[in-house]
Amino acid sequence: MITCRELLEFLAEYLDGSLPEPERAVFEEHLRVCPPCVEYLKTYRATIQLGKGACAGERAFPSPIPEELKKAILKARDSQLIQLRDDEIRRADDECKKG
Ligand SMILES: [Zn+2]
């Protein structure tokens with residue numbers, strides 16, 4: 001059985017498919033018994049894919065707008081609307097005074 005450290009040394013080769021069969025089997029054996037390394041592998045792979053995506057001019061992040069950001073935008077928009085309404089009321093007031 002290899003250690004986590006040894007697994008990390010094989011990681012790049014494993015992912016680009018250049019790791020030869022005996023080591024590959026040992027590598028996968030370790031992954032079966034070591035969830036932290038599986039997690040690390042996932043993160044590592046995602047990072048590589050993000051990098052590739054950015055190079056290919058694709059959007060690196062599939063971007064659902066975070067709920068907090070959405071709220072902030074809506075709030076900003078609402079306060080702007082309120083501002084506009086205030087301006088209109090003031091203008092209407094001025095019209096009245098003039099008239
Ligand atoms: Zn491990």
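Worth pointing out:
- Of all residues in the range 17-44, those being within 24 Å of the chain's Cα centre (by Cα) and near the ligand (Cβ under 9 Å from one of its atoms) number 5.
- Among (1) charged (D, E, K, R); (2) away from the ligand (no atom under 16 Å from the Cβ); (3) at pLDDT 75 or above - the single one residue 59 does not satisfy: (3)
- Cβ-Cβ distances below 8 Å connect the following pairs, each with a first residue in the range 15-41 that is assigned by TED's automatic domain parsing to the domain that holds residue 3, a second residue that is in a loop (DSSP other than H, G, I, E, B) and more than 15 Å from the ligand (Cβ to nearest atom), and a separation of six or more residues or different chains: 27/19.
- Output for the range 1-16, where each listed residue is more than 9 Å from the ligand (Cβ to nearest atom), among the hydrophobic types (A, V, I, L, M, F, W, C) and in a helix (DSSP H, G or I): 10, 11, 12, 15
The values are calculated or read from the model by the stated rules, or taken from the named source; none is laboratory data. Just so it is clear, the structure is predicted and the values come from calculations on it, not from any experiment. FYI the Cβ positions are ideal-geometry reconstructions off the backbone, even for glycines, and counts take in every protein chain you see.
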